[in-house]
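Presented below is the structure to which this report refers.
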Amino acid sequence: MEKIRKEFPVLRKGIYANTAVYGLLYDSLLEWRQEHDLDFLIDGSDMREKSLKVISDTRSTIGKFFNCKRQNVALVSNFSSGLNILLEGLDEDKKVLLVENDYPSLNWSFENRDFEVSYIAQTTDLEERIKEAVSNQKIDVLALSLVQWLDGFTIDLDFLKELKKDNPKLIIMVDGTQFCGSASFDFDNSGIDVLGASAYKWLLAGYGNGFMLFSDQVKNEFAINNIGFNAADGDFGKKDEIRFAKKFEPGHLSSLIFGSLKYSIDFFERIGMDKITTHNRRLAKKAKSEFEKLGLLSDEIKNRKEHSTIFNIKADDATFQKLKDNDVFCAQRGNGVRLSFHFYNTEAEIDAIVKILKTS
């Protein structure tokens, strides 16, 4: 990974433990973006066919990367926009189960409509409590983040798969923004019906691009009225033949923005998602062990077997400032400081952060 680190100029400024806020831009992506816009500058409208191919290839690349059928991939500007379009097509008599303090754009999107919403607290035994709630309350929709934004709490993916198997009519909807790109993921074999994600964090694709992945089953549960000429591929005759995922793309899409997403996924593939997954799991294990020794983690996190690379440590304003003064990129979230690590981070950087915390 040391060779790959050279792609990221920010890493020369300090320890970047802030991917949960924004994933880094890197040299080769910047070069691609500059070449793309230079082509537009020189070729003008002659660039159109190339641009359309970039968009099409991006959809195919996302489908292959996450093992989702190409026709079930929608390109959206961000998770929040995609989710709101989707929920406009869901019957409001559905009973919805949410996790308390989940990402606001997820919970608010349901709360702002007339669904019957109930909540479950984030606890060490969250999966067991979800299972009980789904059964006892006859829940129609479970919606939650795969990785919680505040503290990195990670839902057990095997649990979701079993939950779907036991409750085939349950609609499972997830926000993958703080997950996708941090580890390998197989959508079609996950039991999840809808996964939405913004790609500017762990996929390192910059602002303005994201995607929605849909199961075959779930398309029958939503009546999407979104429409536009682009959704019909600019063909008057296809107005009544627009497939489900394309209804999320009513207008023209930017080949620069979505091409950046394709480029980043290709970049991840060149590194190897198996290597990224292994490296990030090693970082997560190291960080959890070290922060636990310092007594900086909540009980609900300490008692979990698996955790992401996002940690919210017990720290006051002075500690946050001390980290910043020592060139550690991080963020204040909730009552603590959130640190988040990706494949461009090292175990030595975690040791350096621990050393700073011991002297604060």
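The values are calculated or read from the model by the stated rules, or taken from the named source; none is laboratory data. Fair warning: this is a prediction, and the values are worked out from it, not measured in the lab. For neighbour counting, all protein chains shown are included, and Cβ atoms are generated from backbone atoms with ideal geometry for every residue, glycine included. Accessible surface areas use protein heavy atoms only, side chains included; no ligands, DNA or RNA. Shrake-Rupley method; radii C 1.70, N 1.55, O 1.52, S 1.80 Å.
Assorted remarks:
- Positions within segment 226-265 being of a type in the set (S, T, N, Q) and either more than 13 Å from Ser56 (Cα to Cα) or assigned to a helix (DSSP H, G or I) (or both), in sequence order: Asn226, Asn230, Ser255, Ser260, Ser264
- Summed over segment 187-225, the residues that are open to solvent by 20 Å² or more (accessible area, probe 1.4 Å) and outside any loop (DSSP other than H, G, I, E, B) give a count of 4.
- Subset of segment 169-186 (residues that are in contact with a helix residue (DSSP H, G or I) (Cβ under 8 Å, 6 or more places away or on another chain), surrounded by fewer than 24 Cβ atoms within 10 Å (Cβ to Cβ) and assigned to a loop (DSSP other than H, G, I, E, B)): Leu170, Ser184, Phe185, Asp186
- Of all the criteria given as (1) free of Cβ contacts under 8 Å to residues at least 60 places away in the same chain; (2) open to solvent by less than 80 Å² (accessible area, probe 1.4 Å), the one not satisfied by Leu38 is (2).
- Cβ-Cβ under 6 Å pairs, at least 6 apart or on other chains, segment 92-107 side without any contact (Cβ under 8 Å) to a residue 60 or more places away in the chain and among the basic types (Lys, Arg), far side open to solvent by 60 Å² or more (accessible area, probe 1.4 Å) and in a strand (DSSP E or B): Lys95/Glu116
- Asn345 vs. criteria among the polar types (S, T, N, Q) and crowded, with 22+ Cβ neighbours inside 10 Å: yes
- The residue that is most open to solvent (accessible area, probe 1.4 Å), counting only those in segment 265-300 that are modelled with pLDDT of 95 or more and of a type in the set (S, T, N, Q), is Thr278.
- Scanning segment 143-164 for residues that are in a helix (DSSP H, G or I) and open to solvent by 10 Å² or more (accessible area, probe 1.4 Å) yields Leu157, Asp158, Phe159, Lys161, Glu162, Lys164.
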